[in-house]
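Just below is one structure, and these are the notes that go with it.
Each value in this text was obtained by applying a stated rule to the coordinates, not by laboratory testing. Computed from a predicted structure; not experimentally measured. Note that we place each Cβ from the backbone using ideal geometry, even for glycine, and neighbour counts take in every protein chain shown.
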Amino acid sequence: MHNLTLLHGGTVRRGAYGHIKTGGRVYIEPGTSFQSLHVTGDTICVDIHGGSIKVDGSLQLPTGVLKVGTLSGHGRILGRGTIRAAKLDFQGLLRTEGDIYVKQSFTFQGLMQGQQRVVARSIDILGVAEASTMIASHIRIRNMHPKVVPLEHIRWMVRASKVRAITCQRAEIHKCICRILHTCRADLREGSFVHEAVCLATMTTDKSSAAILITGAPKRLHVAGH
């Protein structure tokens, strides 16, 4: 098992590697495995697996499944592929059309779009999420304050998150529109809107948030806020 560095583009041939570092435009052949991968340019891969990936650039997943222990860094992750990880901690743009499965924590800051299903033990998003389904024990979605958003991103970073269905034990959602929410405890803030909520314990809202159809007979709590 050897290390490989491609700083000016190229192809990573199928095989088993220790550490891989990529720069420029790099294609990684399907079936490649690695202990660690550091992406500093634009890397394209299909059906690879390994220990850890750190992104400081762009990672493209046109199709297939990415299997990794930890996925971290900042930049862009794009494509139609599925992501399977033990832990994910990423900042930037996450625009993927496949599913995301994380065994432990899913922590994200930025804009995520297109996901069919996001499943993790916990989901913590600071920014804007636009996905079909999210499933976790604890889900927290918060929007960034406009004062901390770069000017080039302010147009999309201040809009509401949209998640069609959320299933969890505890939901804390700020500035989020949701079609169906299944939870034990819900906390809706900053203009959140739920069409249908099945809530078993408590439903907390501020004056700018609402759930239209509520079942499960939760205790209703109202707090000061927007």
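Using a simple spin-label model with pseudo-atoms 7 Å out from Cα toward Cβ, Glu190 and Ser137 lie 2.5 nm apart.
For the listed residue pairs Lys67/Lys175; Lys21/Lys67; Lys54/Lys87; Lys21/Lys103; Lys21/Lys87, the alpha carbons are over 23 angstrom apart in Lys67/Lys175; Lys21/Lys103. The slack between Ala201 and Arg155, meaning 0.36 nm per residue of separation minus the straight C-alpha distance, is 12.9 nm.
Amide H contacts of Gln113: Leu94, Arg95, Thr96, Glu130, each under 5 Å away and 5 or more positions distant or on a separate chain (H built 1.01 Å from N in the peptide plane; Pro and chain starts excluded). Taking label points 7 Å from Cα along the Cα-to-Cβ direction, Lys219 and Ala16 give a separation of 5.6 nm. Rounded to the nearest 500, the 222 nm mean residue ellipticity of the chain from helices alone is 0 deg cm²/dmol, with -39,500 (n - 2.57) taken per DSSP H run of at least 4 residues. Applying the Karplus relation 6.51 cos²θ - 1.76 cosθ + 1.60 with θ = phi - 60° to region 11-20 yields 3J(HN,Hα) values of 10, 8, 6, 4, x, 10, 10, x, 9, 10 Hz, where x marks Gly and Pro.
Site pair Gln116 and Met1 shows an inter-label distance of 3.2 nm when each label is modelled 7 Å from Cα along Cα→Cβ. Computed extension gain for Thr167 through Arg95, at 0.36 nm per residue and net of the alpha carbon distance, reaches 23.8 nm. As a proxy for reagent exposure, ranking Ile212, Ile100 by other Cβ atoms within 10 Å from fewest up yields Ile212, Ile100. Annotation: the residues Thr82, Thr183, sorted from fewest to most other C-beta atoms within 10 Å of their own C-beta, follow the order Thr82, Thr183. With a Förster radius of 25 Å applied to the C-beta separation of Asp56 and Ser105, the computed FRET efficiency comes to 0.75. The residues Ser161, Ser137, when put in order of fewest to most other Cβ atoms within 10 Å, stand as Ser137, Ser161. Which residues does a label at Lys67 reach in region 77-110, if reach means a backbone N under 17 Å from a point 7 Å past the Cα toward the Cβ? Once the point is set 7 Å along Cα→Cβ of Lys67, 81-87, 99-104 turn out to lie under 17 Å by backbone N, inside region 77-110.
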